[in-house]
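Right, one structure below, let's go through it.
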Amino acid sequence: MVAGGAGFLGYHVSKRLLDEGFEVYVVDNYETGTRQNTRDLAEAGAEIVVHDICEPLHIAGDIDYVLNLACPASPVDFDRLPLEIMRTCSLGTTMLLELSRAHQATFLQASTSEVYGDPEVHPQREDYCGNVNIAGPRAVYDEGKRYAETLCHTYHRHHNAEVRIVRIFNTYGPRMRPDDGRVVSNFCVQALSGEPLTLYGGGEQTRSFCYCSDLIDGIYRLLLSDYTQPCNMGNPSEISMRELAEIIIELAGSTSELKVVPALHADDPKRRRPDISRAREILNWQPQVSLQDGLSKTLDWFAEQLSE
Ligand code: NAD
Ligand code: UDP
């Protein structure tokens, strides 16, 4: 069962599981997901269940794995859907852990690099406890995801639950929504439309971008492993938002300019890069797709979306 399967990463993980021969239930309430994704997954054999994970869910068949990717994930949603995010991370994750318990299923939680907040340690290793501003606008997501991780540890400790926790660093690729609001979708759409690329707060802040197929491969390996502690997944190659904008303009053959605009949130993390030693050692995993190749495929996707 994949919760959040109508979304960007949920689509890709569901498709990979179908391709591997699993039967897949996709559970989603379309908060930020699309019917295009569930239509394509249904065609590939998935069963679609329209459902808010904050409500109890009973599934009659056997379930071996529950993957929780349900949660709005774009920083614009932190202002638009703050209470929904907190409920989904807390109540929703509890409901799915209970469902896993009833089925004795392995539970995988899509956690995030945001558990490190605006990190004071660089790059970020899993044993770093983070620097989250509890009162800041990003806290609904950051603290929600931290709470969800704690739920996983608690179910593991007290109910012997099989849990897997993946801390996902910025991941991009086809199936992102053009109006998602995150940087890669914004820059691709702006470059393809000839509009200025919006650098929030100056563009010197850094991120490390992972192409979706690499991440999904890591998630699949973690799911089938027996590793119960958090595991970072991302591409350790770090760039500034200004550099990212310049690369996208060049790849798109665009005449767009750069435009500095105010940051969305005052506590926007300044630097972010995963230490992926753990994933390398335990799962023999590391990203394979270069930023240029991944962005080219992503630009093709957005060009197709814009032409429709
Ligand atoms: P997305 O917004 O495309 O997908 C989220 C999906 O969850 C959507 O289909 C949405 O409709 C669904 N959803 C939200 N609330 C729900 C609820 N209460 N009940 C049922 N469905 C609900 O985002 P994404 O980028 O695909 O992210 C998927 C997961 O991965 C999220 O949990 C996110 O926090 C995590 N993550 C993503 C990234 C990234 O870079 N993409 C980074 C870190 C963590
Ligand atoms: N950003 C930007 N322009 C945009 C959207 C985002 O400069 O149009 C910046 C944002 O301020 C952040 C980085 O890009 O520093 C990554 O933002 P995103 O929303 O993709 O994800 P985050 O890593 O903040 O969760």
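Rule-based calculations on the coordinates, nothing more; no lab input. Keep in mind that this is a model prediction, so the values were computed, not measured. No Cβ is skipped: glycine too gets one built from the backbone with ideal geometry, and neighbour counts run over all protein chains shown.
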Quiz item: Between 139, 261, 99, whose Cα lies farthest towards the positive end of the dipole of the chain when Lys and Arg beta carbons carry +1 and Asp and Glu beta carbons carry -1, centred on the Cα centre?
Solution: 139
Quiz prompt | Set of lysines near residue 259 by C-alpha distance (under 21 Å), chain-local residues within fewer than 8 positions excluded | solution = 270
Self-check item: Using alpha-carbon coordinates, inclination of helix 93-103 to the longest axis of the chain, degrees
Solution: 40
Quiz prompt | Alpha-carbon gyration tensor eigenvalues x 5, square-rooted, for segment 1-60, Å | solution = 17, 13, 9
Exercise. Compute the separation of the alpha-carbon centres of segment 188-209 and segment 268-308 and state it in Å as a whole number.
Key: 16
Quiz item: Picking from 9, 112, 59, whose Cα lies most toward the positive end of the charge dipole for the chain (charges on Cβ: Lys, Arg +1; Asp, Glu -1)?
Solution: 112
Quiz item: Under unit Cβ charges (Lys, Arg +1; Asp, Glu -1), what dipole magnitude, rounded to 20 debye, does segment 158-304 have relative to its Cα centre?
Solution: 380
Quiz item: Once the piece of chain linking residue 79 and residue 47 is laid out straight, how much longer is it, given 0.36 nm per residue of separation minus the C-alpha distance between them?
Solution: 8.3 nm
Quiz item: At q = 0.08, 0.12 Å⁻¹, what base-10 log of I(q)/I(0) does the Debye formula yield for the chain when every alpha carbon is treated as an equal point scatterer in vacuo?
Solution: -0.33, -0.76
Exercise. Using Cα pairs closer than 8 Å and at least 6 residues apart in sequence, work out the relative contact order for segment 28-93, in percent.
Key: 39
Self-check item: Mean residue ellipticity (222 nm) of the chain, computed from DSSP H runs ≥ 4 via -39,500 (n - 2.57), nearest 500
Solution: -12500 deg cm²/dmol
Self-check item: Fewest-first sequence of 285, 301 by Cβ atoms within 10 Å of each Cβ
Solution: 301, 285
Quiz item: So, with +1 on the Cβ of K and R and -1 on the Cβ of D and E, and no other charges, what is the size of the charge dipole of the chain about its Cα centre, to the nearest 20 debye?
Solution: 480
Self-check item: All lysines inside 19 Å of residue 15 as judged from Cα atoms, apart from same-chain residues fewer than 8 positions distant
Solution: 297
Practice problem: Taking just the C-alpha trace of segment 53-196, give me its Rg and Dmax in Å. | Solution: 16.7, 55
Quiz item: Hey, how many Å between the Cα centroid of segment 142-178 and the Cα centroid of segment 47-105?
Solution: 11
Quiz item: For segment 46-91, what Kirkwood radius comes out of the mean inverse Cα-Cα distance, in Å?
Solution: 12.5
Quiz item: Which order do peptides 61-67, 257-263, 15-21 fall in by mean Cβ count within 10 Å, highest first?
Solution: 61-67, 15-21, 257-263
Practice problem: Normalising by the residue count of the chain, find the relative contact order in percent from Cα pairs under 8 Å and 6+ residues apart. | Solution: 18
